[in-house]
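The values are calculated or read from the model by the stated rules, or taken from the named source; none is laboratory data. Everything numeric in this text was worked out from a predicted model, so none of it was measured. Backbone-built Cβ (ideal geometry, glycine too); neighbour counts: all protein chains shown. The accessibility values were calculated without ligands, DNA or RNA, using every heavy atom of the protein model including side chains. Shrake-Rupley method; radii C 1.70, N 1.55, O 1.52, S 1.80 Å.
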Amino acid sequence: MISIRIRPLLLVSAVFRVILILYGEWQDAHMEVRYTDVDYFVFSDAASLVASGKSPYERSTYRYSPLLAFLLVPNSFIHHSWGKFLFSASDLLVGSFIHTILKLRGVPESLCIPSLMTWLFNPFTFTIGTRGNCEPIVCAIVLWIVICLINVNFQSGQKPILQKWGPTKRSLQNFGSKATPSQLWFVLRSMLSRERILFGFISGSVFLFCTALFFYLYGWDFLHEALLYHLTRADPRHNFSIYFYHIYLQQENQILMVDKLISFLPQLVVQLVLIFLFAKDLPFCFFVQTVTFVAFNKVITAQYFVWFFCLLPLILPWSNMKFRWKGLISILLWVGAQFHWLMWAYLLEFKGKNVFLQLWMASILFLAATTCVLILLIRNHKLSPVFTSPENTKKLK
């Protein structure tokens, strides 16, 4: 149920996004630099092939799920901007899901609204959907899963800590202290609980069913382009990743499979560490995992930032960081590092200057800025466990 207080926010956000889509149509027709994301034309071409009864993978560089092409089939017979409206609607749905999660966790409405606004009126987020990028659909699915997990946790009788606004000081000390043998036993036992096994079985079954279905329809093209390609992807084009310069220098040589896969090692190590540290505070764990996954990825584009921006509103009510001055400094540091990178990217792409080395240094600086901001967020976050054992539930109340 959508709260009456957030309806005006969603309405204003919807109108704003419609205006941006219409403006994008004008800019595409009258300006050299298009507003529409280049990937949207790839999506549309693939959808057109599906509408004609062909494989979406006949469109070169289409390396996404066939489901995306199915969703954009109306582009061919309703309007070519159908997908933009669909992605923007998903954007608004993300906002509704964020509000739902915060209310489930007992956050007062006075704190829900500012947190929600960090998504609805974030320049990074409202431009992604209106430019024709599909990331809002991914964000909506992730948040829907979080809602389902919290609701199931209610029904199982193992209630999350929602009755009070925020954990007590004592609970924070217990939550952040060294794990006891009983706590470790609870973690191991809960990993093999009936609910987790059922969740894993259903998730795996759906994935395998969809994979088998689309393999039957589109063969090895689907398996390679939609799945296997991303494991060994080596993109020599400039992007925010610190790996791009090495890949660019090696593009004329045969990059070994080991070299392609070894870049996943830093991601894997960091992910495991974060799971052990913050697993109980599920939204916060999702957030820090997503930030680090993007930061250490082999390819980073601006659209990837949306993956953790949809999780940011879920952790803000538990943050001790004030906008003045730590919050403002964090924003300026991260955005400043990004604009610094974009300056060198502009000189390379539009002016044709040989600034690859400077661009790589800017990528390293951007990684450092992201790491600093993440450390500040972690140090100023009040851990609030969502799922607890029956024994700990009594202690935390």
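What full-extension length gain, to one decimal in nm, is calculated for L227 and F215 as 0.36 nm per residue of separation minus the Cα-Cα distance?
Residue separation times 0.36 nm, minus the Cα-Cα distance, leaves 3.2 nm.
Using DSSP to define loop residues, name the chymotrypsin sites (Phe, Trp or Tyr not before Pro) in segment 332-382 whose beta-carbon has at most 16 other beta-carbon atoms within 10 Å.
Passing sites in segment 332-382 are F350.
Once label points are set 7 Å from the Cα along Cα→Cβ at both H30 and L268, what is their separation, rounded to one decimal in nm?
The answer from the label model is 5.3 nm.
For an R0 of 41 angstrom, estimate the FRET efficiency from the Cβ-Cβ distance between F339 and F70 and round to the nearest 0.05.
0.60
Distance from a point 7 Å along Cα→Cβ of A302 to each backbone N in segment 105-137: keep the residues under 19 Å and list them by number.
Residues passing the 19 Å test: 118-137.
Given an 8 Å cut-off on Cα distances and at least 6 residues of separation, report the relative contact order of segment 2-146 as a percent.
Reported relative contact order: 29 percent.
So for K298, K353, what's the accessible-area order with a 1.4 Å probe, most first?
Sorted descending by solvent-accessible area, the residues read K353, K298.
Which ³J(HN,Hα) values in Hz, rounded to whole numbers, follow from the phi angles of segment 239-244 under the Karplus curve 6.51 cos²θ - 1.76 cosθ + 1.60, where θ = phi - 60° and Gly and Pro get x?
Per-residue couplings from phi come out as 7, 5, 5, 6, 7, 5 Hz.
For a label point 7 Å from the Cα of T61 along Cα→C-beta, name the residues of segment 13-40 whose backbone N is under 12 Å from it.
Only 37-40 fall inside the zone, counting backbone N under 12 Å.
Counting Lys and Arg as +1 and Asp and Glu as -1, what is the net charge of the other residues whose Cβ lies under 15 Å from the Cβ of S330?
After counting each charged neighbour, the total is +4.
Round to the nearest 0.05 the FRET efficiency obtained for A51 and K351 when R0 = 25 Å and r is the Cβ-Cβ distance.
0.05
Chymotrypsin sites (Phe, Trp or Tyr not before Pro) within segment 1-108: which are DSSP loop residues with at most 13 other Cβ atoms inside 10 Å?
Taking segment 1-108 and a limit of 13 other Cβ atoms within 10 Å, the loop chymotrypsin sites (Phe, Trp or Tyr not before Pro) found are F77.
Using a probe of 1.4 angstrom, how much of the accessible area of segment 307-352 is carbon and sulfur, in percent?
So the carbon and sulfur contribution to the accessible surface is 72 percent.
Would you please give the residues with an amide H less than 5 Å from that of H381, counting only those at least 5 places away or on a separate chain, with H modeled from the backbone geometry?
Those lying under 5 Å, H to H, from H381 are N320.
Using each residue's phi in segment 327-333, evaluate 6.51 cos²θ - 1.76 cosθ + 1.60 at θ = phi - 60° and report the 3J(HN,Hα) Karplus result to the nearest Hz, with x for Gly and Pro.
x, 5, 4, 4, 4, 5, 5
Which whole-Hz couplings ³J(HN,Hα) result when phi for each residue of segment 99-105 is put into the Karplus expression 6.51 cos²θ - 1.76 cosθ + 1.60, θ = phi - 60°, listed in order with x for Gly and Pro?
So the J values, rounded to whole Hz, are 5, 4, 5, 4, 5, 4, 8.
Going by a ≥ b ≥ c, the root eigenvalues of the Cα gyration tensor, does segment 272-329 fall in the rounded group (a/c under 1.5), the prolate group (a/b larger than b/c) or the oblate group?
In terms of gyration-tensor shape, oblate.
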